[in-house]
Amino acid sequence: MADSSAAATAPLQPPSKMTVTLHVNGVERRLTIAPWTTLLDALRLYLDLTGTKKGCDHGQCGACTVLVEGRRINSCLTLAVMKDGAQITTVEGLAQGHTLHPLQQAFIDHDAFQCGYCTPGQICSAVGLIAEGRARTADDIRELMSGNICRCGAYTNIVAAIEEVMFGKAGQSERAP
């Protein structure tokens, strides 16, 4: 009995840090982090990739959207240790040298941002949406992008930018006979 009471009064020790390997934007990165570190915090605080934004920190706004193995996820809801060994693409990894990704260029061309805070998550989500291949119309784009909130209300221009990359010209999908 004395042993169990001594164990009950011993202070709890936090889990030790863990080493994870993340392949971020084509570069292998090894981090030693607390097991409760989100992927978002690992990217921003440990790797200094601040393009990915912390919005609501509850998975409701999409500002933290990144691509993991080509699929879009909310990095604020994902522990970094869960993605050990994964291929991760952030908005910083979309361009090829000085050449912007077609969606990055389309967002500029269509003025698909105002304050720009949500833009990295919007672009990463749009890259994932196109890769999924499920969107056929502007309504599909709006529905499949609904997890990404733009507080400035640039939705019309965001959809136009995505349509341009998907269909070659904004609105063409809905005008086709």
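Please treat every number below as a calculation from the coordinates, not as lab data. Quick caveat, the model's predicted, so the values are computed rather than measured.
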For Cys56 and Leu77, calculate 0.36 nm times their separation in residues minus their Cα-Cα distance, and state this gained length in nm to one decimal. 6.5 nm
In degrees, nearest 10, range 0 to 90: what is the angle between the Cα axis of helix 155-167 and the longest Cα principal axis of the chain? 80 degrees
So what is the relative contact order of the range 44-107, in percent, for Cα pairs below 8 Å that sit 6 or more residues apart? 26 percent
Spatially near lysine pairs across the chain, Cα under 24 Å, sequence gap of 8 or more or different chains: 4
So who's got an amide H within less than 5 Å of the one on Val66, skipping anything under 5 residues away but keeping other chains? H placed 1.01 Å off N, in plane. Ile73, Ser75
